[in-house]
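The values are calculated or read from the model by the stated rules, or taken from the named source; none is laboratory data. Since the model is a prediction, treat every value here as computed from it, not as a measurement. Methodologically, a virtual Cβ is constructed for each residue, glycine included, from the backbone with ideal geometry; neighbour enumeration extends over all protein chains shown. When the accessible area is computed, the model is the full protein with side chains, heavy atoms only, and any ligands, DNA or RNA have been set aside. Shrake-Rupley method; radii C 1.70, N 1.55, O 1.52, S 1.80 Å.
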Amino acid sequence: MAEVTEEMIKRTRGDTYPISVTLKDSSGVAIDITGGTFALTVNSEENPTDTTNQLFTEVGTITDAAGGVVEFAVSLSNSDQTPGIYYYDVQYTDSVGNIRTVLRGPWCVN
């Protein structure tokens, strides 16, 4: 399975273009995500202990299961944050219910 990757996402306030994520193993081979689900969560805290400061969550759409590709459509209401630095993570729930954070980092809004 993929290790947690740290990556900054930069967006301009109001942008609604989708975010695409491809899961790969340590050898760079795509991970088959058939039967899994994904959630992208954005929070004002880097390491939240609860959902108090959660700004929004978007559910992912698997666009190429064998190729490990999932997309998150960011709605207009969820793209309208005050410019600043927030934090996100992407959690993958596999076909048997195991949950794993696969991507996280700063969510920068210009």
## Note on the structure
Expected vector for region 62-77, Karplus 3J(HN,Hα) from phi with 6.51, -1.76, 1.60 and θ = phi - 60°, integer Hz, x for Gly and Pro, equals 6, 9, 7, 4, 5, x, x, 9, 10, 10, 10, 7, 9, 5, 4, 5
### Task
Calculate one ³J(HN,Hα) per residue across region 96-109 by plugging θ = phi - 60° into the Karplus curve 6.51 cos²θ - 1.76 cosθ + 1.60, and present them in order as whole Hz with x for glycine and proline.
10, x, 6, 10, 9, 6, 10, 8, 7, x, x, 10, 9, 10
### Query
Dividing the convex hull volume of the Cα atoms of region 28-83 by its residue count, what figure in Å³ per residue is obtained?
124
### Query
Accessible area per residue, 1.4 Å probe, Å², for region 1-105: what's the number?
57
### Task
Count the net charge of all other residues whose Cβ sits under 9 Å from the Cβ of ILE31, scoring Lys and Arg as +1 and Asp and Glu as -1.
-1
### Message
From the phi angles alone, apply the Karplus equation (6.51, -1.76, 1.60; θ = phi - 60°) to region 9-23 and give each ³J(HN,Hα) in whole Hz, x where the residue is Gly or Pro.
### Response
10, 10, 9, 9, 3, x, 5, 10, 4, x, 9, 10, 10, 10, 8
### Query
With all protein chains present, how much of the accessible area of the chain (probe radius 1.4 Å) comes from carbon and sulfur, to the nearest whole percent?
47
## Note on the structure
In whole µm²/s, the translational diffusion coefficient that Stokes-Einstein assigns to the chain, given a Kirkwood hydrodynamic radius over C-alpha pairs, 25 °C and 0.890 mPa s, equals 172
### Query
Distance from the Cα centre of region 28-43 to that of region 57-90, in angstrom?
11
